[in-house]
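Worksheet for the structure shown next.
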Ligand SMILES: Cc1cc2nc3c(=O)[nH]c(=O)nc-3n(C[C@H](O)[C@H](O)[C@H](O)COP(=O)(O)OP(=O)(O)OC[C@H]3O[C@@H](n4cnc5c(N)ncnc54)[C@H](O)[C@@H]3O)c2cc1C
């Protein structure tokens, strides 16, 4: 026994020395991350029970029993006897230093029943509703109002169903966090009061995973710090890196990288939160075909755990959490406060834009032959580091339009890029498909990104989307390619809108790719999104029918031609069948074990997030899983 004690003491000393060494070489946290809650501070308040930490992670906790009495099956909801009184909310606000915001729906200025009614402000909201930034800057709004329940849209709904404005799926309160202690207080308060908790960053998630009725929301938008570390030496990386607050948006990072002559891996969308849902979901990028996924670039993350404790996750600290936070989905294992990512030298980027369509000289079959010709190059292009972002729409019976927005050659001059792409353009010419190619060469990712990608359009309740990560063999093997293209054409002919990416998650020995990114990403060269749309005044029955067709007809055919493949959890079908396999693949069981370890009572919940199968939102219509009901554990 004594010998064992001595040995473990010696091991502990070595580990402590190693930890000190890590601390000595790893950059320090942001100053607001040093503002942490202590047990002593909680105990010194009169209401310690509202703000106390949860059990240390890994401690066995029953999800059903607490203190010998059954845990309530449902989260406490506004109107319940146990919902905190106004004085408790006031106390909470005081404790937070005034950071609590009672929700006023973004479009409330359009409704005379709200004190915020204001015609000019309403006009502003109406005009900007489709711009992501409007929703990014609001504490509770997200970009897919269908899942909020459309209970407060900015325009008069044509059917006049929605004549008043209610919270629907919006959170009841938000905490506009600017320091870690506020996140800890919010988590502890939500746990103590049994209130639903959500985390909202920008609101980009296709399933509105950052909202929920009757919830307390942690709004990370103000965590905007960006620190460039030219000589980072830590966590197995020596070289340039960025530490990013979790509210930082993609374009802000691209701009910082440009100013420092380096490149970072980020998405195509300007306003997505890099250190929030983007990295948590895996994160695809115009850089992915060159260096891998966004999540692959992470060196460490700082995170407030569901029990309220603040830790660093890296390959040497909480390695299991480090694995899960890089691909296992947001709002599951804690609130990430900042992320440190590897940066690369600045690279030239060459781009190509063009479009083609059916016409008297281009039949529908020829059009689709042109699309198929492109897919035969998917492997070659991505192996060379290229990436393509394109669109196909049905413009009338038997008529189609293809737009390349752009084809992107990362780390390629035009002299290198053009010969790579020319065989594909020759194929189009051989098919008699005329195009007017626009070539460009840019000195950096930021300039190429600004010069090429179209602005995003969000906020519509008249469409929804699903996605598939087609394995590369679906485009290499001619028989599979035929089947795949038939399934793709079927969906577009039936009215589906296709947004395609020719992309791969490049293997990269310079980063740690042992993470929880959906393994389907490692196999794909074709990530296809498929949207269905309906008229603005469509009845609920029509929306349900269209929605059902998307999932159970169009996408069923896509799944059939790619058995065992997957879908991207951040841009997926809200009704994805067998979502555990589709969104997380073979990682699901391990992710679920870690969920139970770090969040045994289910403080964090989001639709299709790991562990969410134990929960349901009450009052949903079939096929339309809005977030505007009470969250309950399934019986
Ligand atoms: C127009 C558009 C373009 C897009 N382009 C791309 C692209 O190019 N590449 C790509 O990979 N994806 C893209 N996406 C998808 C996007 O990456 C995901 O929606 C992502 O989850 C957004 O993260 P967010 O933090 O910005 O948004 P949110 O919707 O606020 O959050 C998404 C999820 O992450 C959780 N979350 C957010 N912050 C934190 C945090 N700090 N800690 C814990 N959980 C958190 C939320 O609770 C929610 O569950 C796009 C989406 C849209 C709408």
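Readers should treat all values here as calculations from the given coordinates under stated rules, not as data from a laboratory. If you're wondering where the values come from, they're calculated on a predicted model, not measured in any experiment. A quick note on method: Cβ atoms are made from the backbone with ideal geometry, for glycine too, and the neighbour counts reach across all protein chains shown.
Annotations
- Nearest 10 degrees, 0 to 90: helix 119-128 Cα axis against the chain principal axis: 60 degrees
- Beta bridges per DSSP with both ends in the stretch 444-561, % antiparallel, nearest 5: 100 percent
- Angle in degrees between helix 414-431 and the longest Cα principal axis of the chain, rounded to the nearest 10: 50 degrees
- Think of it as helices only: each DSSP H run of n ≥ 4 in the chain is worth -39500 (n - 2.57), and spread over all residues that comes to -9000 deg cm²/dmol at 222 nm.
- The stretch 40-63 versus the stretch 341-387: alpha-carbon centroid distance in Å: 54 Å
- Alpha-carbon centroid distance for the pair the stretch 116-132 / the stretch 421-455, whole angstrom: 37 Å
- Across the chain, the mean sequence separation of Cα contacts (distance under 8 Å, 6 or more residues apart), normalised by length, yields a relative contact order of 16 percent.
- Span from the the stretch 494-549 Cα centroid across to the the stretch 267-320 one, whole angstrom: 20 Å
- DSSP-defined beta bridges in the chain - what % are antiparallel, rounded to 5: 90 percent
- Sorted by Cβ density within 10 Å, fewest first, the residues 305, 425: 425, 305
- The stretch 197-335: antiparallel DSSP beta bridges as a percent of all, rounded to 5: 80 percent
- Residues 468, 270, sorted so that the one with the fewest Cβ neighbours within 10 Å comes first: 270, 468
- Exposure proxy ranking for 439, 129, based on other Cβ atoms within 10 angstrom of each Cβ and starting from the fewest, stands as 439, 129.
- Helix 180-193 and the long axis of the chain differ in direction by around 80°, with both axes built from C-alpha atoms.
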